[in-house]
Amino acid sequence: MRGGLALSVGLIAGNLLGFFRVALTAYLLGTHSAADALAVAIGPIDTLNSVLINTMIFAFVPMLTEHEGNHRAGLFRKLNHVFVRVFGGLAIFIILAAPLLIRLLAPGLDAAYVGTAVTILRIAAISSLPAGTAALYVAYLYTQRRFAATAFYQASLNVFTIACALGLWRLLGVYGFAIGYAAGAWVQLAIVYSASRSSLAAPDAQEHGIDWRALLAKPVSFLVYAGVLGLNIIITRAYATHTGPGMAAAFDYSMRCLNVPLAYLINPVSNSLLPEIARLRSRFQLRQAFRLIDKTIALVAFVGLLGCAVGIAFREPLITLLFQRGNFTAQSTRVVAAVFLGFAPSLIGWSLLELMSRALFALDRPALPLGAVAISAIFNLGFVLLVHSPEPQWIGLGASLGFLIAFLLLFAMVRMNRRRWLELAANSRPALETV
């Protein structure tokens, strides 16, 4: 109960500060090309860090939970030894390849701001090392049911992004956002490191003997899933740079508006649903697990439809209230509202796809989610290549339709395979009892 409360408080604080961060971006940059440069550089790093964090937690909390005391500490040291090098190498690669990456991530960006985007990307890339490393400490702290230090990652990012953007605006301009973002990631690493240091200090906790290749293979399936899911946003943002100056920033503002309901639809539900599904799977009670999944999907579908309808109906007054001040003008409001019109329906497909996929991962059925999320990205890519409309309402439509189609196909495949899975579970139970 205390853990859930801490995580809920952290989620609320992170989202509130996130609104201040986006509002500050809107006030200082509006929907001009400088805002595009910030969006196309920070946005992909934000997605990458989220993928790294979710993958580390999803893959290694169960593994760490299987061990106790010094054995757990030793396994953590091995994980840390392996993955710090992976995260460091990833950050170095992004820094060196930044010019090429910006050409891929923002092919339509105003040429005068390409250098700005490259520099922002290099600064922000520094955050991937502490973000991924902090996720390992978070996974370790979760096994000890210590949630307070882990709950405020997003809040830390937003606080330092806001502080540095304001404090360095006159001196460094838009680069202050990237510096603050990187600083926030390092501060959060310091927090979780301090919280776990005492329990990791045992002198006899030697590194676990598990092979490093096995550790790297452990998170692959969820890493691919989360990466391809994030690719939808990267594709859409790249497409937005082709539709005119300010459109990538407008898409980012729209996405930030959608992130809050998405977070509340996915995270609390999945955090409570997945352990229960895993428990039912371990007892071969798949029928009860499927009933639980069906009820959850029905509830989230209803809330998602209602939230989407309300968001579309009141998008202009809400965007005006949240952002319209400073360099964010009435014209900016109209552009963002138009982009939001096409992207808002993704709330339905995205949330349902995520919940169904995570449930299947908990059932140890990763193949179907991987196929479904690939379909969403392929459809979105085909959409942006075939549709060349400059109208802003088309920018997010490919992602919205891709998520919905992927969920419907995934749902249909689960229904088709359900009887076979139930029979396999029924056949496995006697064999296990006999042993």
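The values are calculated or read from the model by the stated rules, or taken from the named source; none is laboratory data. Fair warning: this is a prediction, and the values are worked out from it, not measured in the lab. In this analysis, Cβ positions are derived from the backbone assuming ideal geometry, glycine residues included, and neighbour counts consider all displayed protein chains. Side chains are part of the model used for accessible areas, which takes the heavy atoms of the whole protein and leaves out ligands, DNA and RNA. Shrake-Rupley method; radii C 1.70, N 1.55, O 1.52, S 1.80 Å.
Conditions tested, residue by residue: (1) more than 30 Å from V339 (Cα to Cα); (2) out of contact with any strand residue (DSSP E or B) (no Cβ under 9 Å at 6 or more places or on another chain); (3) modelled with pLDDT of 95 or more.
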position	(1), (2), (3)
F361	yes, yes, no
R365	yes, yes, no
L370	no, yes, no
F383	no, yes, no
W394	no, yes, no
A406	no, yes, yes
M416	yes, yes, no
A425	yes, yes, no
L432	yes, yes, no
- Condition met for A35 (under 19 Å from A182 (Cα atoms), in a helix (DSSP H, G or I), within 18 Å of the chain's Cα centre (by Cα) and among the hydrophobic types (A, V, I, L, M, F, W, C)): no
- Query: Given the structure, is A37 aliphatic (A, V, I, L, M), at pLDDT 90 or above, farther than 26 Å from L90 by Cα and in contact with a Ser or Thr (Cβ under 9 Å, 6 or more places away or on another chain)?
  - Reply: no
- Assuming F328 fulfils every condition listed in (1) aromatic (F, W, Y); (2) assigned to a helix (DSSP H, G or I); (3) at pLDDT 90 or above apart from one, which condition is it? (2)
- Message: Looking at the structure I just gave you, is F160 open to solvent by 60 Å² or more (accessible area, probe 1.4 Å), free of Cβ contacts under 8 Å to residues at least 40 places away in the same chain and not hydroxyl-bearing (S, T, Y)?
- Response: yes
- Message: Considering only residues that are among the small types (G, A, S), over 18 Å from T241 (Cα atoms) and surrounded by fewer than 17 Cβ atoms within 10 Å (Cβ to Cβ), which ones fall in the range 381-423?
- Response: A412
- Message: Quick check on this structure: which one of A111, A124, A135, A98 is open to solvent by 50 Å² or more (accessible area, probe 1.4 Å) and under 22 Å from A178 (Cα atoms)?
- Response: A111
- Task: Could you grab me the full set of residues in the range 196-252 that are surrounded by fewer than 20 Cβ atoms within 10 Å (Cβ to Cβ), hydroxyl-bearing (S, T, Y) and at pLDDT 85 or above?
- Result: S221
- Query: Right, F379: under 15 Å from Y239 (Cα atoms), out of contact with any strand residue (DSSP E or B) (no Cβ under 6 Å at 6 or more places or on another chain) and among the aromatic types (F, W, Y) or not?
  - Reply: yes
- Message: Go through (1) modelled with pLDDT of 80 or more; (2) closer than 30 Å to V384 by Cα; (3) open to solvent by 50 Å² or more (accessible area, probe 1.4 Å) for R287 and report which single condition fails.
- Response: (2)
- Query: Within the range 165-185, how many residues are closer than 15 Å to L121 by Cβ and not in a helix (DSSP H, G or I)?
  - Reply: 1
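Residue-wise test of (1) buried (at least 23 other Cβ atoms within 10 Å of the Cβ); (2) over 30 Å from A59 (Cβ atoms).
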| site | (1), (2) |
| --- | --- |
| E316 | no, yes |
| Q324 | no, yes |
| T329 | no, yes |
| V336 | yes, yes |
| W350 | yes, no |
| S357 | yes, no |
| L363 | no, no |
| A372 | yes, no |
| F379 | no, no |
- Message: Whether any residue in the range 79-91 is without any contact (Cβ under 8 Å) to a residue 40 or more places away in the chain, surrounded by 19 or more Cβ atoms within 10 Å (Cβ to Cβ) and in contact with a helix residue (DSSP H, G or I) (Cβ under 9 Å, 6 or more places away or on another chain) is what I want to check.
- Response: yes
- Note on the structure: The residue that is farthest from the chain's Cα centre (by Cα), considering only those in the range 258-284 that are more than 17 Å from I348 (Cβ to Cβ), at pLDDT 75 or above and open to solvent by less than 50 Å² (accessible area, probe 1.4 Å), is L280
